Each structure stands twice: as structure tokens, then as C-alpha cells.
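Participant: The structure's right below; bear with me while I get my questions together.
Bear in mind that the values in this text are calculations on the coordinates, not laboratory data. Keep in mind that what you see is a predicted model, and the values were worked out from it rather than measured. As a convention, Cβ positions derive from the backbone with ideal geometry for all residues, glycine included, and neighbour counts pool all protein chains shown.
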Amino acid sequence: MKINFLRSKIIQIFEKHKLSKKHSKVCADYLIKAELIEAKSHGLTRLKMYCNRIKKKLINPKPKIKIKRISSSISYVDADNSIGFVSADIGVAQAIKNAKKTGVGLVAIKNSGHFGLSSFYAEQAVKKNLMVFCFTNAPPALAPYGAKKSLFGTNPICFGAPTGKTPFILDTSTSIINRGKIRHAHKFGKKIPYGVALNKFGKITTNAREALNGTQLPIAGFKGSGLAWMVDILSGVLTGSSHGGKTKDPFDDFSGPQNVGHLFITINPKIFIGNRYIKEIKKNIKLIKKLPKAKGFSSILYPGERKNNLYKKNLNKDILIPRKILQEMVELNVVK
Ligand SMILES: NC(=O)c1ccc[n+]([C@@H]2O[C@H](COP(=O)([O-])OP(=O)(O)OC[C@H]3O[C@@H](n4cnc5c(N)ncnc54)[C@H](O)[C@@H]3O)[C@@H](O)[C@H]2O)c1
């Protein structure tokens, strides 16, 4: 489907679900962005889920989002159960504004929902020549090290830095793969990679349904569990949002709004070394890229480069939509 046509259809679907035109456009753009960087787990496959939650009044389509000023650097956003894309979009814009004024921006968001990929927001700060950290919590998927039961989300850690060229954007779950990839595999009857999840009996499984009912494995064992815990503290405890396994799963927990928390930290990279920053980061990247390559590697990529290349490659192409998702769009009663 042509990107512009698809965008207009997604906007119609969200408007039909009572979102304003402005908010519908924000959501459509992020869903399409996920498709363009081939993060199918966070693209159109989630449209039905967001609409379901709006219909069940668990996402507020007309939120009154409040931004409280705590200092010139610090702001606190109450998202009023808005769809996560919209509150995160507002939150990162505020974090950018704060850092432009003072050198550092810190924005906490409470009462939000699933916001897609952290890189969406990191990219905006990097495009304004800022470094950035983005944190968000997510529903239970990982067992804390030593526990039998899932409690932490796949809680991503995202860091971005301007490089003078393609942004450096490391955006990783604290689980080996993100949960969306497992949901996507389940939806399309595919297997998941070996070694990323256990079934409910604690055995490695490649069956997506079993993995969803079991537990995902953290990156690097107890270290990943610790990082997921850190994100739970930063985006849950610190922001006054759900934490300790209380974040609701957007797909199958309809007992209330998700109350997801996000935290954005923006930093002017010139605060210590001034204009030398760009020279130094370029030097840093050049040094690493020039290293002798390991067997099977023709180049060393930094985080964010691959997705940027995919985006450029796909930007002028049509988006292929699987029949199952087209059918969902028909059921959302817009695409005829
Ligand atoms: N909103 C949520 O609740 C939520 C929860 C978890 C994850 N997520 C999102 O899921 C995505 C992470 O998914 P994932 O954990 O499966 O990771 P991934 O495999 O998609 O990528 C992880 C990181 O590794 C980098 N990378 C990949 N290949 C590389 C290579 N060859 N060389 C150098 N770097 C490379 C990527 O740029 C990225 O920064 C993130 O965008 C994250 O924000 C969202």
C-alpha cells in the first residue's frame, strides 16, 4: 500500500475511535515509522490492540495532558491515560526545550500507555543536537534473577547521541528479544528463536504461545535482570507510575489503564567540551570502525546505523501489509 494512502487510512481509524486529528496523525506516523525500519512487532500489527483499548475506555482518546514545571530543567507530565505515542511525543519535546535552556532536561511521564519504540523519541532529541536517554516500563515478561515468575517488563534502555551524521541510537530491550517479536510470531504462526524464552515449566521453547505463557530470558543473565529492575525504578517508581509487575499488558489485561511511566533525560553534549564534541565523537567512531574485522564482517556498524539504512531504503516503497492485518483494518471498519 502507498505510504500516504496508508497514513490517511490509519488517521481515519484513529479518528473513528475518537482521537483528535492531531493525535491521530502522531500515532499514524509512529506506526508507519516502525514499518519503515522493519520493526514489524511495533507497527500495524498493534493497531487493533490500541483501538481495542480505546473502545474499552482504557486509553483516553481525548486526554487533558498536563505539564507541571518543577524547575527550568525538570518537568512532570500527567498523560491522563493518553495513548503512549502522544504523551511521549509531548514529553520528549519538553525535554528538548528544557535542555536547550539549561543544558539538561529531565521529564517524567505518568499515566501513559505503550509508546512503541524508544528510538522514535531519542531520534527527535538527537536531531536537535542533544544526547538522550529514554526509559519506559512494560508489562511482566521477565523473571527477576532467582525468581520463578515473570515480573519485570522487557523494559528497554535507549541512548542517543549526535554524531554529525547518522544518529547513534542504542535501543534495546533488557530481554534477549522484545515481546512484540513473540506476539508477532504468535499471530503469524511462526517459531521464535531458540534460547530467548522458557515455557511455564522452565524449559526452553521456540513456541510463541508457550513463551507468552512462560517467561522471557534477560540479556546477560543477572545483569540483564538488574538492568530491567533499574528501568522499573526509573520509569515506574521515580515517575509515580506502575511498577513491581503492576503494568498491565496492553493485549490481554483489560482490568484498567496501563499506567506506564516514561523518563526522558536530554543533555547538551557541548556542556563540558564545547564545540570539540563533534570532533571527538567522529574520532571515536572512526577509531572503532577502522578496527580489523572479525570473520564474516565487512564493516562495524554502530547502533542505529542499520535501522537508518532500512528507513532510507524503504521510504519510497509501498508497505506490504499481510492479509491478516488488512482484515483487522477492515474490521476496524475503515478500509473497504
Ligand atoms: N514500548 C515498550 O514497552 C517496549 C518494550 C521493549 C522493547 N521495546 C522496543 O523494542 C526494540 C528493541 O527490540 P530488541 O531488544 O529485540 O532489539 P533489536 O535487535 O531490535 O536491536 C537492539 C539494538 O541493537 C542494535 N543493533 C542491531 N543490529 C546491530 C548490528 N549488526 N550492529 C550494531 N548494532 C546493532 C540496534 O540498532 C538496536 O539499538 C526497541 O526499539 C525498544 O524500544 C519497546
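Participant: So which residues in the range 192-220 are within 16 Å of the ligand (Cβ to nearest atom) and not β-branched (Val, Ile, Thr), if there are any at all?
Facilitator: Residues satisfying the conditions are Pro193, Tyr194, Gly195, Ala197, Ala208, Ala211, Leu212, Gln216, Leu217, Pro218, Ala220.
Participant: Moving on. Evaluate the range 212-219: report whether one residue or more is within 27 Å of Gly261 (Cα to Cα) and assigned to a helix (DSSP H, G or I).
Facilitator: Yes, the range 212-219 contains at least one residue that is within 27 Å of Gly261 (Cα to Cα) and assigned to a helix (DSSP H, G or I).
Participant: Need at least 1 residues that are out of contact with any Asp or Glu (no Cβ under 8 Å at 6 or more places or on another chain), aromatic (Phe, Trp, Tyr) and more than 16 Å from Gly116 (Cα to Cα) per element, so show me which helices (runs of 4 or more DSSP H) inside the range 1-57 make the cut, counting only ones lying wholly within it.
Facilitator: By residue number, 3-16.
Participant: Which residue is nearest to Arg7 (Cα to Cα), if the candidates are limited to the range 298-332 and must be surrounded by 11 or more Cβ atoms within 10 Å (Cβ to Cβ) and of a type in the set (S, T, N, Q)?
Facilitator: The selected residue is Asn314.
Participant: Shifting gears a bit: Hey, could you check the range 131-148 for residues that are within 19 Å of the chain's Cα centre (by Cα) and in a loop (DSSP other than H, G, I, E, B) and say which is nearest to the ligand (Cβ to nearest atom)?
Facilitator: Applying the filter and picking the extreme gives Ala138.
Participant: Further question on the same structure: Got a sec? Which helices (runs of 4 or more DSSP H) wholly within the range 245-336 have at least 2 residues that are closer than 30 Å to Ser72 by Cβ?
Facilitator: Where helices (runs of 4 or more DSSP H) fall fully within the range 245-336 and carry at least 2 residues being closer than 30 Å to Ser72 by Cβ, they are 276-289.
Participant: Keeping to the range 263-304, report how many residues are within 16 Å of the ligand (Cβ to nearest atom) and touching a residue at least 40 places away in the same chain (Cβ under 8 Å).
Facilitator: Residues meeting the conditions: 7.
Participant: Here's a follow-up. One residue is enough: does the range 109-120 have a residue meeting the conditions aromatic (Phe, Trp, Tyr), over 22 Å from Lys68 (Cα atoms), touching a strand residue (DSSP E or B) at 6+ places or on another chain (Cβ under 9 Å) and not in a helix (DSSP H, G or I)?
Facilitator: No, the range 109-120 has no match at all.
Participant: Okay, moving on. Are any residues in the range 162-185 within 20 Å of the chain's Cα centre (by Cα) and either closer than 14 Å to Tyr302 by Cα or more than 13 Å from the ligand (Cβ to nearest atom) (or both), and if so, which ones?
Facilitator: Pro162, Thr166, Pro167, Phe168, Ile169, Leu170, Asp171, Thr172
Participant: Output the residue which, of all residues in the range 1-49 that are among the hydroxyl-bearing types (Ser, Thr, Tyr) and surrounded by 22 or more Cβ atoms within 10 Å (Cβ to Cβ), is farthest from Arg306 (Cα to Cα).
Facilitator: Among those that are among the hydroxyl-bearing types (Ser, Thr, Tyr) and surrounded by 22 or more Cβ atoms within 10 Å (Cβ to Cβ), it is Ser24.
Participant: Further, regarding this structure: Give the residues of the range 244-261 that are within 13 Å of the ligand (Cβ to nearest atom) and among the acidic types (Asp, Glu), sorted by residue number.
Facilitator: Of everything in the range 244-261, just one residue is within 13 Å of the ligand (Cβ to nearest atom) and among the acidic types (Asp, Glu), namely Asp249.
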